[in-house]
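The values are calculated or read from the model by the stated rules, or taken from the named source; none is laboratory data. Just so we're clear, the structure is a prediction, and the values are computed from it rather than from any experiment. For neighbour counting, all protein chains shown are included, and Cβ atoms are generated from backbone atoms with ideal geometry for every residue, glycine included. Heads up: the accessible areas ignore ligands, DNA and RNA and are worked out on the full protein's heavy atoms, side chains in. Shrake-Rupley method; radii C 1.70, N 1.55, O 1.52, S 1.80 Å.
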Amino acid sequence: MSETRNTDEEKKKPPLNGRRALPSTNSNDEENEVPEMEAFGLIPRGFNPKDYLHVVDVHMFKEPYEINKQQHHTDKYYSPKLIVRRGQSFQIQIDFNRPYRPETDQFWLEYLIGRYPQQNKGTYIPILVGDVLKPGQWGAKITHKENNFIRLSIMSSATCIIGKFRLYVAVWTPFGIHRTHRNSATDTYILFNPWCQQDAVYLDAEEEREEYVLNDVGIVFHGNINDIKLRSWSYGQFEENVLDACLFLMDKAELELSGRGNPIKICRVASAVINSRDDNGVIAGSWDNTYTYGVAPSAWTGSVDILLEYYSSKQPVRYGQCWVFAGVFNTFLRCLGIPARLVTNYSSAHDNNANLQLDFFLDNEGQVDTKLTKDSVWNYHCWNEAWMTRPDLPVGFGGWQVVDGTPQETSDGMYRCGPASVQAIKHGHVCFQFDAPFVYAEVNSDIVYSRREKNGTQVIEKIDTTYIGQLIVTKEVGGDGMMEITEEYKFQEGSEEERLALETAVMYGVKKQTTQDTMYQPQTDVEMEFQVQKAVLGSDFKVTITFRNKSRNHYTATTYLSGNIVFYTGVTKNEFKKHSFSAKLEPTSSSAFDVVIKASEYLSDLLDQASFHFFVTARINETGKILAAQKATVLEIPALRIKTQGEMVAGKEMSVTVEFTNPLKQTLENVTLRLEGPGVLRTMKKEFRQIPMNSTLIWDVKCIPKRPGLRKLIASLNCDALRHVYGELNIQIQKP
């Protein structure tokens, strides 16, 4: 036992450090001992602090219906403690043992955070009572005095640390300072304040604050550019213990307390701690379609389960992909009061060497050589935008900032990305921190198809400048529709401004390889494109390839179609369809050719997002030139149906039914259903051993909704043969 005693002793004594008198403080959780009686010298016998002014009780007005949470827009937090936003006044009441006499009595408040509170670090805040409150600065004034109690209005600084503070009331007596004892009921959480003009996260439109701070559900856009799909995600930033879990993330990231008033620093460290690479962060990513010992990324319906599991186990939660990282990041930001939204970039470049071009290498057949090709195009990629000023950058680069928690590339030695100013990306000013060149490449890269000749020279067959970053979207404010924000990131394709932004980015060090024009002479008098028919999972569909011969020549084209099952990240799992044919192209005319894709060809290998990627390459035999096109497509996946029965009243039991019909020509095995709805029910799970083909599963659930108003139920179904099955329902919960 001697060992454990020893370590306890060591814990009490900070380790010696030649560089600083006190150790760094990066835990909101740790506390110091505060003396109740701080004597000035010897205390005479017979001294009783109760003979002097003495605090009997402190009232925090912390109920959701009381003034503080109402005025500070924190009434939705499912927490018994006081939660306020910085730079805005709040009220408390102090009961003394006798009436307070300002002429002779002296008391003050002390707010403390962390284990080594220091005034110059903003972790020890003494507040004297004054006559006026200065906006955005710490202060207190008496607003009401009656019998033995006083009512105080307290103003916090608009730049103060975000976190959980401990409150003490200190009273001066002739022999020493007498303090209230440690009382966790008076703990006060202080958050960012988008309603306060002096706060770095101030957002001026009320409907945007309602959406980007207070909305606890959102929409994730996925699928691909030709077939946009959407699903709901429960952020749940107000649910029980979520705020504590978010504060724990900053402790985990070891962000020093004095830096926690700065949204730039918070975003930067959070983008690293959201993923588990290199710091044992919240979510372990997995893109390989095997999710043993964990939850498949597509099965999650929201962030709450993930954050609470991490908060209790302190171990990475398995598994996530980009929308899961982005969903949890969004919860973290909104919970702390930083306005945030989840953004989807369709055809997102993952460029391994940030040279603004994705290199696709073709072999002699015109097929993509998977060994040489290292870059990939993600069908879509989700990241977040957080709203804040950027005093560290020149004027004009505040506003929306890209932050990305998905581990793609390292930044300053860790897997993290951002915050990068969207405005700087648009104008090509990628010299400004953090990680702007990487995000610029995600939305602006060119795809270069090249082929190696027998003598070893590289021949460029095609350059596609418009495929990447075709569409960037987020959920609209106040509704479930889609809002396009592509023009926030880039100028119109082909415009003069776009060229200028590119030249600026290149000047600031984004690598761009020049391609010699002599080598690249495409076939201009023949055009080729192809269409993929929309299809439901489990059915046949066709691919139609169309040639337009604009010349007066007869051409023949040796055409090759390659169908690949891909992860949504554009990485190929396998080729399931090969088809080649010779196409006769008559002068000045168009011709179309159909290739049928059978369900039996793809079903056995299908991945969880039912994504395909088709390459079509055609060699014009008369000229030897190659035409190349590629397209991603996603199958329609059947949805879950959610129904409710009877009346829906807060505090009363209601029933919910989830139904699903198996569309596949096979039995589904080991099926997991999840259902959640913030304010209505905590996540529920149910396992079904089997669902035979064409049969319908029915799951009945009883729950007691907590909060009235418009709420959303979100469900998912998951099994090895079928993933990404969702359903949702908007419901109106009545007041009791």
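Look at the stretch 453-511 and say how many of its residues are in a strand (DSSP E or B) and closer than 30 Å to L713 by Cα.
Result for the stretch 453-511: 8.
Touching a residue at least 12 places away in the same chain (Cβ under 8 Å) and in contact with a Phe, Trp or Tyr (Cβ under 9 Å, 6 or more places away or on another chain): which single residue out of A721, A715 fits that description?
Of the residues listed, the single one that is touching a residue at least 12 places away in the same chain (Cβ under 8 Å) and in contact with a Phe, Trp or Tyr (Cβ under 9 Å, 6 or more places away or on another chain) is A715.
A721: modelled with pLDDT under 90, surrounded by 16 or more Cβ atoms within 10 Å (Cβ to Cβ), touching a strand residue (DSSP E or B) at 6+ places or on another chain (Cβ under 8 Å) and aliphatic (A, V, I, L, M), yes or no?
yes
May I ask you to say which residue of Y124, Y168, Y116, Y100 is under 30 Å from F40 (Cα atoms), open to solvent by 20 Å² or more (accessible area, probe 1.4 Å) and in contact with a Ser or Thr (Cβ under 7 Å, 6 or more places away or on another chain)?
From the options Y124, Y168, Y116, Y100, the qualifying one is Y116.
Of all residues in the stretch 378-419 being within 28 Å of S286 (Cβ to Cβ) and hydroxyl-bearing (S, T, Y), which is nearest to the chain's Cα centre (by Cα)?
T406
Within the stretch 547-580, restricting attention to residues that are of a type in the set (D, E, K, R) and within 15 Å of V595 (Cβ to Cβ), which residue is most open to solvent (accessible area, probe 1.4 Å)?
Checking each candidate, the answer is K578.
When D594 is evaluated against the numbered criteria (1) open to solvent by 60 Å² or more (accessible area, probe 1.4 Å); (2) in a loop (DSSP other than H, G, I, E, B), which criterion, by number, is the only one it fails?
Unmet for D594, out of (1) open to solvent by 60 Å² or more (accessible area, probe 1.4 Å); (2) in a loop (DSSP other than H, G, I, E, B): (2).
For K584, indicate whether it is touching a residue at least 60 places away in the same chain (Cβ under 8 Å) and of a type in the set (D, E, K, R).
Criteria not met by K584.
Restricting attention to the stretch 698-736, report how many residues are closer than 20 Å to G651 by Cβ, in a loop (DSSP other than H, G, I, E, B) and not basic (K, R).
So the answer is 4.
Condition first: assigned to a loop (DSSP other than H, G, I, E, B) and free of Cβ contacts under 8 Å to residues at least 40 places away in the same chain. Now tell me which residues in the stretch 433-452 satisfy that.
Of everything in the stretch 433-452, just one residue is assigned to a loop (DSSP other than H, G, I, E, B) and free of Cβ contacts under 8 Å to residues at least 40 places away in the same chain, namely D435.
Could you check how many residues of the stretch 217-231 are open to solvent by 10 Å² or more (accessible area, probe 1.4 Å) and either of a type in the set (A, V, I, L, M) or part of a loop (DSSP other than H, G, I, E, B) (or both)?
5
Can you pull out the residues in the stretch 638-662 that are closer than 14 Å to A715 by Cα and either open to solvent by 20 Å² or more (accessible area, probe 1.4 Å) or assigned to a loop (DSSP other than H, G, I, E, B) (or both)?
Correct list: P638, A639, L640, R641, K643, T644, E659.
Please identify the pairs in which a residue from the stretch 74-95 that is free of Cβ contacts under 8 Å to residues at least 12 places away in the same chain has its Cβ atom under 7 Å from the Cβ atom of a residue that is open to solvent by 10 Å² or more (accessible area, probe 1.4 Å), counting only partners at least 6 apart or on another chain.
That search, which allows pairs on different chains as well, returns D75/P64.
Only residues that are out of contact with any helix residue (DSSP H, G or I) (no Cβ under 9 Å at 6 or more places or on another chain) and either open to solvent by less than 50 Å² (accessible area, probe 1.4 Å) or among the charged types (D, E, K, R) (or both): list them for the stretch 150-165, please.
Correct list: I150, R151, L152, S153, I154, M155, S156, S157, A158, C160, F165.
What number of residues within the stretch 306-324 are of a type outside the set (A, V, I, L, M) and in contact with an Asp or Glu (Cβ under 8 Å, 6 or more places away or on another chain)?
Of the residues in that region, 1 qualify.
Only one of these is modelled with pLDDT under 90 and polar (S, T, N, Q): N379, N330, N352. Name it.
Unique residue meeting the criteria: N352.
Quick test of your reading of the structure: K665 fulfils all but one of (1) farther than 19 Å from W300 by Cβ; (2) without any contact (Cβ under 8 Å) to a residue 40 or more places away in the chain; (3) surrounded by fewer than 13 Cβ atoms within 10 Å (Cβ to Cβ); (4) not aromatic (F, W, Y). Name the failing condition by number.
(2)
When you scan the stretch 625-637, do you find a residue that is over 25 Å from the mean Cα position of the chain (by Cα), under 30 Å from L362 (Cα atoms) and of a type in the set (K, R), even just one?
The answer is yes; a qualifying residue exists.
Out of the stretch 48-86, which residues are farther than 30 Å from F192 by Cα and surrounded by 15 or more Cβ atoms within 10 Å (Cβ to Cβ)?
Matches in the stretch 48-86: P49, Y52, L53, H54, V55.
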